[in-house]
Amino acid sequence: MWIKTTYIDACETSVFLPVELTQDLNKRATLVFGARSSAVALRHHSDLAYNKDSSYDEPISIYLSKDLQTRLLLPETQIYRAAIHALDNTLSLGPVIGLLLGIHNHEYHPRHMQKFSDRFSVYNKIGGLIYAFSSNSISWDESKAYGLYFNIETNKWEYGVFPLPTVIYRRDFHQPQTVIDHLKETTHGRLFNSYRFSKQELFEIIQQNSELALTLPETEIIKSFDQLKTFADKHQKVILKPNNLSRGRGICFLEKTGANYRLSDYRTPPPFDAILKRERGLLQFYNKNTAFHEDYLVQKCIKLAQIRGAAFDIRVVTQKKNKETWSLSGIECRVSAPDSLVTNISRGGYALELDTALWRSFQDQRVVSALTKQIYEYCLNLCAHLDRTGEHFAELGLDIGIDEDQKIWLIEANVFPSFKGFKQMDYSKYQKIRYAPLLYALSLTEFTSLSDS
């Protein structure tokens, strides 16, 4: 059931409904909106018509007394879904979905929020209040937060104060863990993308599954120069990568060439190559770059399959349709730029469809079909395994490598993936990926079982 609210002057805390909607509830009931609720008197109003086929475009109008505006913090600009619960005599309006941003409140303003606006192309399937807030803007005692919401009447982001959400889509990972734990409790576990694991943590989780563990390149945390040298000498070509960064940031390649080591450094643009003379040159490089002493990994470099001499890997976006069901929302192959060792689009690479990339690389349709099936099954199995950690994931970017022997390797998994390649390659798919988390958020609420009519 779809609802449009209007505030009116009334002498008592009241909700005015079409007479047909008052029949399932007592004259006094509870009105719920997000984390806030209020006892109300239910009344019917002769001006209000009931429409059993209500829709987003033709919602049922109801009136709220003006005192409910401060009690519930419900903007009357939006179109809401409604649920009547006769057993506990409750009328719920919603959904109330929060986008949890970072801790720097001053950075969040209507201009900043414009990048989220394309997600609202499916608002007519969701309805309710969708707003962005910072963990620093929460008033816990009053179950409210200050933030910005997308006003569907003006198509603009506007400031306001709102009840704490029923569902939270986490968009940043710099909040104190105590705040996240409190929000998990407040939403009864409906804060998704609840944890961002480091590369090392991810590998440790995957190693618990013997089948998935076979796809992990040999990897170690760098603890000493001797360990780094031994690892590089053993594998001949290795990658140095930060444990807690993604999207190709902070990466170096190290290749043993005779007694020397060739360095390809991608930490700052433009990347550069250097020859490190023997063990002494490698030691000088290690001692000079103290970041390697702290939280860096060294990993065996996979000899990726190539397209016309350029390496490629595969970004798979997996998203949840509901609490139990993962789906593959999009797959792109990222081909490195000429003479580059990294495949990131932001580093000059380009995107291809999976079938196209596999065909150009292997020139065999049977190989294309077999690898496609393996990738699908592998990604869904990996997501199911991550669910067993007890964290609430709903959106992952899985970076998959295929070597020249057609073996699948896991390069990385990101809880906060980017979709630049999809935007270039297939804009309609990019849009679907963008709004999928909001549809998932709806699926976690009581309104998901309601008909769109």
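The values are calculated or read from the model by the stated rules, or taken from the named source; none is laboratory data. This structure is a prediction, so every number in the text was calculated from the model and none was measured. Virtual Cβ from ideal backbone geometry, glycine too; neighbours counted across all protein chains shown. To get the accessible areas, we keep the full protein, side chains included, count just its heavy atoms, and leave off ligands, DNA and RNA. Shrake-Rupley method; radii C 1.70, N 1.55, O 1.52, S 1.80 Å.
Scanning the range 333-354 turns up no residue that is at pLDDT 95 or above, touching a Gly at 6+ places or on another chain (Cβ under 7 Å) and part of a loop (DSSP other than H, G, I, E, B).
Yes/no per residue for (1) assigned to a helix (DSSP H, G or I); (2) under 23 Å from ILE130 (Cβ atoms):
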| residue | (1), (2) |
| --- | --- |
| VAL367 | yes, no |
| GLN374 | yes, no |
| LEU380 | yes, no |
| CYS383 | yes, no |
| ILE411 | no, no |
| PHE422 | yes, yes |
| SER428 | yes, yes |
| LEU438 | yes, yes |
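Pairs are defined by a Cβ separation below 6 Å, a sequence spacing of at least 6 or placement on different chains, a first member in the range 203-220 that is open to solvent by 60 Å² or more (accessible area, probe 1.4 Å), and a second member that is part of a strand (DSSP E or B); the pairs so defined are GLU218/LYS300; GLU220/VAL298.
From the list VAL40, VAL32, VAL15, VAL19, the one residue that fits, being surrounded by fewer than 14 Cβ atoms within 10 Å (Cβ to Cβ), of a type in the set (A, V, I, L, M) and either in contact with a His (Cβ under 6 Å, 6 or more places away or on another chain) or under 29 Å from ALA145 (Cβ atoms) (or both), is VAL19.
For the range 238-254, which residues satisfy the criterion of being at pLDDT 95 or above and open to solvent by 40 Å² or more (accessible area, probe 1.4 Å)? Passing the criteria: none in range.
Of the residues making up the range 189-217, those that are more than 27 Å from ARG171 (Cα to Cα), of a type outside the set (Ser, Thr, Tyr) and part of a loop (DSSP other than H, G, I, E, B) are GLN207, GLN208, ASN209, LEU214, LEU216, PRO217.
Just to be sure, is ASP295 more than 15 Å from ASP399 (Cα to Cα), of a type in the set (D, E, K, R) and more than 28 Å from the chain's Cα centre (by Cα)? No, not satisfied. The set of residues in the range 75-91 that are out of contact with any Asp or Glu (no Cβ under 6 Å at 6 or more places or on another chain) and either closer than 22 Å to ASP53 by Cα or modelled with pLDDT under 95 (or both) comprises GLU76, GLN78, ILE79, TYR80, ARG81, ALA82, HIS85, LEU87, ASP88, ASN89, THR90, LEU91. Return the pairs, sorted by first residue and then second, in which the second residue is modelled with pLDDT of 90 or more and not in a strand (DSSP E or B), the first residue lies in the range 48-69 and is of a type in the set (Lys, Arg), the beta carbons are less than 7 Å apart, and the residues are 6+ apart or on different chains. Listed by first residue and then by second, the contacts come to LYS66/ASP9. Apart from one condition, ASN26 fits all of (1) open to solvent by 50 Å² or more (accessible area, probe 1.4 Å); (2) touching a residue at least 24 places away in the same chain (Cβ under 8 Å); (3) in contact with a Ser or Thr (Cβ under 9 Å, 6 or more places away or on another chain); the exception is (3). Please work out which residue is most open to solvent (accessible area, probe 1.4 Å), limiting yourself to the range 256-301 and to residues that are within 15 Å of THR230 (Cα to Cα) and of a type in the set (Val, Ile, Thr). Restricting to residues being within 15 Å of THR230 (Cα to Cα) and of a type in the set (Val, Ile, Thr), the top hit is THR257. Scanning the range 302-321 for residues that are more than 20 Å from the chain's Cα centre (by Cα) and among the charged types (D, E, K, R), which turns out surrounded by the most Cβ atoms within 10 Å (Cβ to Cβ)? Ranking the candidates gives ASP313 first. A count restricted to the range 379-424 and to residues that are open to solvent by 40 Å² or more (accessible area, probe 1.4 Å), under 15 Å from the mean Cα position of the chain (by Cα) and not aromatic (Phe, Trp, Tyr) stands at 3.
Figure legend. Inter-residue proximity from the range 177-191: first residues more than 17 Å from PRO163 (Cβ to Cβ) and of a type in the set (Gly, Ala, Ser), second residues in a loop (DSSP other than H, G, I, E, B) and open to solvent by less than 50 Å² (accessible area, probe 1.4 Å), beta-carbon distance below 8 Å, spacing 6+ or different chains. Indicated pairs: GLY189/HIS392.
GLU324 falls short on exactly one of the conditions (1) open to solvent by 30 Å² or more (accessible area, probe 1.4 Å); (2) over 30 Å from ALA436 (Cα atoms); (3) free of Cβ contacts under 8 Å to residues at least 60 places away in the same chain; (4) not hydroxyl-bearing (Ser, Thr, Tyr), and that condition is (2). Hey, could you check the range 103-159 for residues that are surrounded by 15 or more Cβ atoms within 10 Å (Cβ to Cβ) and in a helix (DSSP H, G or I) and say which is modelled with the lowest pLDDT? Restricting to residues being surrounded by 15 or more Cβ atoms within 10 Å (Cβ to Cβ) and in a helix (DSSP H, G or I), the top hit is ASN105.
To keep it simple, each residue is scored yes or no on (1) part of a loop (DSSP other than H, G, I, E, B); (2) of a type in the set (A, V, I, L, M, F, W, C).
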{"position": "ASN26", "(1), (2)": "yes, no"}
{"position": "ALA41", "(1), (2)": "no, yes"}
{"position": "SER61", "(1), (2)": "no, no"}
{"position": "ALA83", "(1), (2)": "no, yes"}
